[in-house]
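Novice: Take a look at this one; I'll ask things after.
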Amino acid sequence: MAEYPGFSELPVREGAPPGSSWGVFGDDDELGTVNFITDADVRAAAALVKRGVVFALNWDLSLPSPAFFLRGTVRHTVFEKYPGVAIDDYVDSFWPQASSQWDGLRHIAAPDVGFYNGASLAEVSQPGAGRLGIEKWGERGIVGRGVLIDVLASAERAGGSIDPFEFFAIGPDVIERIAGEQGVEIRGGDILILRTGWVEAYERLHQCEREEYAELVRPGSPGLYGDDIPAFLWDNRIAAVAADNPALEAGHHGKGCDLALHRSLIALLGVPLGELWDVQHLAHDCAADGRYEFLLTSAPLRLGGGVGSPPNALALK
Ligand code: UVW
């Protein structure tokens, strides 16, 4: 099994920025922490499939609508290609990061130092297969042991709740406490998935409320928060982390999040960040059978030079 440095030993490459994993997986690496997942991890994750139930974690591709963060909403056309015998369709205004998504390693730079593993802006800002494109994860697939951390259910068990549209910090302490409550251990190579209840709450909004919310540009939501998150994820060898909220990070209503974790996780450590995943049905099943671990499969798009992608994620139990 590969030995990796602890977070306090980073960086390993001379001249690389503090807190960066640049060079750990190789000077030419384009996969980031997906490298933490071993073949043995995938075999062990496959053995978690006991009942044969499957939960698709992509949300409706047309939601949220209106889209957030100055993005657009898909426009779908269905038409008779050969009248009466063949139907085709196509999609315009498809923003791969508008609905359920992985933020890929091209998405965010750390100020003054650039993109993951030292890639420059020029190398990551052209379409077509190229450095750090989402196609690298698409060609490999992201498959391993998924662990759900159900923050909403934990708050409800304690007799309270969390407001899905307001700031609530999910730090390492919260994750470890909830993992303990759920009786699930976090292991190297895991794909962590947080449930805040955001997607369900959004689905309950009327269209006029959705329009008001999108106008905020910077919505509030519970999410990951804290300077200790990068060390926690790295030292636990977490391969990827996703949530059911707009930006994974916690944001204040009207102010959003400052994207600090986008920089330290994507650009410095190479961690895939998932957002707007629909985990509600998976969460209900985990609560019912008491098992919060599952086989997680994700097939990002093989879009050469892509910045993000729907995760096309399935949880199998
Ligand atoms: C932004 O780019 C603001 O958001 P995200 O990476 O969370 O989609």
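The values are calculated or read from the model by the stated rules, or taken from the named source; none is laboratory data. No experiment lies behind these values; they were computed from the predicted model shown. Cβ: placed from backbone, ideal geometry, glycine included. Neighbour counts: every protein chain shown.
Novice: Need the failing condition index for I162 against (1) within 15 Å of H253 (Cα to Cα); (2) assigned to a helix (DSSP H, G or I), just the number.
Specialist: Unmet for I162, out of (1) within 15 Å of H253 (Cα to Cα); (2) assigned to a helix (DSSP H, G or I): (2).
Novice: Within segment 216-228, work out how many residues are charged (D, E, K, R) and touching a residue at least 60 places away in the same chain (Cβ under 8 Å).
Specialist: Selection size over segment 216-228: 0.
Novice: Can you pull out the residues in segment 271-291 that are within 16 Å of the chain's Cα centre (by Cα) and small (G, A, S)?
Specialist: If the condition is that a residue be within 16 Å of the chain's Cα centre (by Cα) and small (G, A, S), then G274 is the only one that fits.
Novice: Okay, next question. Yes or no: G144 crowded, with 19+ Cβ neighbours inside 10 Å, within 18 Å of T297 (Cα to Cα) and more than 16 Å from the ligand (Cβ to nearest atom)?
Specialist: Yes: the conditions hold for G144.
Novice: Conditions: (1) in a strand (DSSP E or B); (2) out of contact with any Ser or Thr (no Cβ under 8 Å at 6 or more places or on another chain); (3) surrounded by fewer than 14 Cβ atoms within 10 Å (Cβ to Cβ). P18 meets all but one. Number of the miss?
Specialist: (1)
Novice: Oh, and also: Name, by its number, the condition in (1) over 30 Å from Q207 (Cβ atoms); (2) away from the ligand (no atom under 16 Å from the Cβ); (3) exposed (fewer than 13 other Cβ atoms within 10 Å of the Cβ); (4) not aromatic (F, W, Y) that does not hold for P111.
Specialist: It is condition (2) that P111 fails.
Novice: Something else about it: Identify the single condition in (1) part of a loop (DSSP other than H, G, I, E, B); (2) buried (at least 19 other Cβ atoms within 10 Å of the Cβ); (3) in contact (Cβ under 8 Å) with a residue 60 or more places away in the chain that G128 does not satisfy, given that it satisfies every other one.
Specialist: (2)
Novice: While we're looking at this one, here's another question. Take the conditions free of Cβ contacts under 8 Å to residues at least 40 places away in the same chain and away from the ligand (no atom under 16 Å from the Cβ) and apply them to D173. Does it pass?
Specialist: The answer is yes for D173.
Novice: Give the residue that is nearest to R51 (Cα to Cα), with candidates limited to residues of segment 273-308 that are within 13 Å of the ligand (Cβ to nearest atom) and in contact with a Gly (Cβ under 7 Å, 6 or more places away or on another chain).
Specialist: Here the answer is G308.
Novice: Moving on to the next point. Taking segment 38-72 as the region of interest, how many residues are assigned to a strand (DSSP E or B) and of a type in the set (G, A, S)?
Specialist: Residues flagged as assigned to a strand (DSSP E or B) and of a type in the set (G, A, S) within segment 38-72 amount to 1.
Novice: Just to be sure I understand, how many residues within segment 147-159 are farther than 20 Å from V49 by Cα, among the hydrophobic types (A, V, I, L, M, F, W, C) and either in contact with a strand residue (DSSP E or B) (Cβ under 7 Å, 6 or more places away or on another chain) or in a helix (DSSP H, G or I) (or both)?
Specialist: So the answer is 4.
Novice: Just one of (1) within 18 Å of the chain's Cα centre (by Cα); (2) over 27 Å from L48 (Cα atoms); (3) acidic (D, E) trips up E200, so point out which.
Specialist: For E200, the exception is condition (2).
Novice: Then there's this: Considering only residues that are out of contact with any helix residue (DSSP H, G or I) (no Cβ under 8 Å at 6 or more places or on another chain) and either crowded, with 20+ Cβ neighbours inside 10 Å or assigned to a strand (DSSP E or B) (or both), which ones fall in segment 308-317?
Specialist: Result: G308, P310, P311, A313, L314, L316.
Novice: Check whether at least one residue in segment 209-223 is under 18 Å from Y116 (Cβ atoms), modelled with pLDDT under 95 and within 16 Å of the ligand (Cβ to nearest atom), and report yes or no.
Specialist: No, every residue in segment 209-223 fails to be under 18 Å from Y116 (Cβ atoms), modelled with pLDDT under 95 and within 16 Å of the ligand (Cβ to nearest atom).
Novice: Next question. Looking at E181, E176, E156, E200, which one is closer than 19 Å to W277 by Cβ and modelled with pLDDT of 95 or more?
Specialist: After ruling out the rest, the residue left standing is E200.
Novice: Tell me which residues, restricted to segment 236-270, are over 12 Å from the mean Cα position of the chain (by Cα), within 13 Å of the ligand (Cβ to nearest atom) and touching a residue at least 60 places away in the same chain (Cβ under 8 Å).
Specialist: Answer for segment 236-270, where residues must be over 12 Å from the mean Cα position of the chain (by Cα), within 13 Å of the ligand (Cβ to nearest atom) and touching a residue at least 60 places away in the same chain (Cβ under 8 Å): A250, G251, L259, R263, A267.
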